[in-house]
Amino acid sequence: MIVKAQFRKQKKFIKIPEACFDLFIAEVKEKFSIPDNLAVTVTDETGTEVDKDVFPDVVTTSGLVFVINELNDMGTSTPPSSVSLDTDTLSLTSKSSEDSDWFSPKRFRKDDDEASQSSQAGDLIKQILQTKPGGANVLKEYEDTGTISDDTRKVLVNILVAHMIETEGRVPHRLTKQKYGLGIITLFPSLRDPQGRTGYEHFYDGQKNTGFLSWHLKTVQRGTKSANKDDAKAEEKGGPLLDRQLCYNEDQLDNDQSLEAISLMNHTSEHEVIMQKMRATFEYRQRLVHDPERSTTVLSVFPRFLDTKGLILQDFTLLFGSETACRLLERWPTAFKTKVIRLAETLTSTPLLKRLLSSANQNREGSEAQDSPEWDSDISSFLLLLHLLSPQASGRKKTHKISISQAVDHLVVFHKACRSIQEHLEMEENRQPYILASGSSKEAISKFFIVVDKKVIPCQATSSLAAIDELFKVHFVFSISYDLPLKNMYTFLQTTIYKIDVGTTSESPRVKELRAKILNDV
């Protein structure tokens with residue numbers, strides 16, 4: 001495919017082997033000497049944004065013109081620099097990118113009346129819902145309950161996406177999607193994400209082109225049932241793999257001194273000596289776990305993790321401080337557990353969900369005793385959280401998705417106390433960290449362990465909540481990525497409860513939506 005390009009009054013021919021968005025951008029940048037680090041956006045002649053998912057579909061549209069806009073430091077398009085593709089003649093011509101829509105960039109400047117913008121956006125969403133089939137039910141549910149269920153949220157998104165396409169075509173403008181996102185949280189305040197930059201990223205995130213509105217738009221545009229993008233390639237700037245600056249200010253041993261301390265620890269049984277030397281070698285250990293070639297040796301170099309309780313908690317506290325380290329134990333029982341149970345009661349009932357709800361309610365006033373509880377109340381409440389943040393699909397095309405019951409085994413596994421733990425480890429696959437709960441029955445657990453690389457780390461406390469707290473912390477202490485089926489759940493705990501790397505960690509819309517419901521006290 002040969003195209004003719006015009007950029008800043010220069011015209012050149014560009015050869016594109018196929019209708020590939022990335023190749024198109026790369027060739028344009030090379031031919032016109034545009035710096036690789038200069039971000040650009042692509043729109044058609046109406047200013048409607050075109051991304052890599054839509055490009056192969058719309059490139060064959062007769063007479064369509066693509067416009068390339070530079071992004072300035074503020075992340076907005078710079079109109080004068082443009083290059084466009086005429087798909088009839090396969091030639092590129094220049095075009096102005098001035099937007100005349102109601103929600104144009106001029107109306108989106110910082111000095112605009114934000115309250116007026118929000119009000120108008122909210123009024124628009126309300127008008128759409130009042131005039132579209134099913135919209136009145138969305139409004140009524142929110143009026144009656146103060147929130148909307150997952151099923152109703154899907155109806156809301158379907159209605160709004162259909163209206164976008166009806167009014168602007170199959171590739172609505174980015175600013176239109178921003179307006180709809182703003183309108184949703186204005187009309188339905190309890191859906192606002194208190195920790196979000198805009199509050200509506202779970203409906204539309206312009207920086208990442210994600211959110212419920214974006215995903216459904218891509219489903220419609222591609223004519224398929226699946227529109228999720230594989231965001232694994234996105235650079236993570238937060239989470240357990242991040243090599244972070246340490247909060248620990250005490251003197252640390254150098255390499256030679258650390259090796260001497262390690263040797264001493266391996267030959268002493270004095271608990272205080274082990275704890276003190278582990279503190280002194282903390283920096284050495286952090287360099288080890290973030291070294292790709294040596295990270296898997298950490299439990300061999302520091303075998304006292306396997307027989308000394310409290311070392312995981314100590315290292316995590318050295319990483320983040322005592323205030324962060326205490327947050328789950330302090331906040332889960334008081335601010336989250338009851339709300340998670342209440343939201344789980346709105347989910348479609350299954351036998352497993354019924355058992356977990358019954359177990360989670362064991363300690364609540366007025367609840368009936370259960371003859372055979374699934375787990376204790378705390379573990380059951382976290383498994384309900386897993387239901388609310390269902391497992392993510394995996395694989396290159398995200399075609400493999402495990403069930404909730406399978407995902408449960410990725411978090412906690414019951415082990416009969418009379419059986420050998422070593423036999424259990426020999427039968428297990430080498431997978432991400434999980435809790436091994438040992439006892440006479442699921443509701444009568446006497447000991448908790450964390451299994452990492454087929455090695456068993458004893459938990460310091462005997463409560464299930466403390467065991468889950470320690471399981472989460474293992475990921476940061478050893479720099480281990482989250483198990484994919486549990487990633488949404490762990491990310492929710494990380495950003496919403498522990499408040500680690502808030503704003504820099506990639507979160508799915510489901511995580512943001514659940515946080516909005518819980519923190520807004522719905």
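The values are calculated or read from the model by the stated rules, or taken from the named source; none is laboratory data. Just so it is clear, the structure is predicted and the values come from calculations on it, not from any experiment. Cβ placement follows ideal geometry from the backbone for every residue including glycine, while neighbour counts extend to all protein chains displayed. Accessible surface is based on the protein model in full, side chains and every heavy atom, while ligands, DNA and RNA are left aside. Shrake-Rupley method; radii C 1.70, N 1.55, O 1.52, S 1.80 Å.
Tabulated data for the structure shown
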{"item": "Hits in the range 442-460 - residues which are surrounded by 13 or more Cβ atoms within 10 Å (Cβ to Cβ) and either hydroxyl-bearing (Ser, Thr, Tyr) or over 19 Å from LEU311 (Cα atoms) (or both)", "result": "LYS442, GLU443, ILE445"}
{"item": "Of residues in the range 329-351 being in contact with a Leu (Cβ under 7 Å, 6 or more places away or on another chain) and open to solvent by less than 60 Å² (accessible area, probe 1.4 Å), the one nearest to LYS473 (Cα to Cα)", "result": "TRP332"}
{"item": "In the range 466-500, residue surrounded by the fewest Cβ atoms within 10 Å (Cβ to Cβ) [restricted to those that are small (Gly, Ala, Ser) and closer than 26 Å to PRO292 by Cβ]", "result": "SER481"}
{"item": "Qualifying residues in the range 348-394 (those that are under 18 Å from the mean Cα position of the chain (by Cα) and part of a loop (DSSP other than H, G, I, E, B)) - the one modelled with the lowest pLDDT", "result": "ALA393"}
{"item": "Selection status of ALA516, within 15 Å of VAL340 (Cβ to Cβ), open to solvent by less than 10 Å² (accessible area, probe 1.4 Å) and either in a helix (DSSP H, G or I) or out of contact with any strand residue (DSSP E or B) (no Cβ under 8 Å at 6 or more places or on another chain) (or both)", "result": "yes"}
{"item": "Out of ILE468, ILE497, sole residue that is modelled with pLDDT of 95 or more, touching a strand residue (DSSP E or B) at 6+ places or on another chain (Cβ under 9 Å) and among the aliphatic types (A, V, I, L, M)", "result": "ILE468"}
{"item": "In the range 247-275, the residues that are surrounded by 14 or more Cβ atoms within 10 Å (Cβ to Cβ) and in a loop (DSSP other than H, G, I, E, B)", "result": "TYR248, GLN252, LEU253"}
{"item": "Any hit, the range 323-346, residues being in a loop (DSSP other than H, G, I, E, B), within 26 Å of ILE500 (Cα to Cα) and modelled with pLDDT of 95 or more", "result": "yes"}
